[in-house]
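Where a number appears in this text, it was derived from the coordinates with a stated rule and is not lab data. Not measured: the values here are computed from a predicted model. When we count neighbours, we look across all protein chains shown, and the Cβ atoms used for this are built from the backbone with ideal geometry, even at glycine.
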């Protein structure tokens, strides 16, 4: 049996496939939070957006406070 050696071209092809899978996973994860397929946000989705906006501000502040208290 002759086995094909794994070449640089094979590695590049595999990397490209994995990058595509990561992009698809990111899209799926984003769609679980918000359904952007119709470009219309429901009241429930708007609440999630407001929560994410608040967390974008509160999260780093909480992280800094915890970082100062733990040492």
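Assorted remarks:
- Inter-label distance for residue 15 and residue 66, nm, one decimal - labels placed 7 Å from Cα along Cα-to-Cβ: 3.4 nm
- The stretch between residue 26 and residue 8 holds 3.8 nm of extra length on full extension. This uses 0.36 nm per residue minus the Cα-Cα distance.
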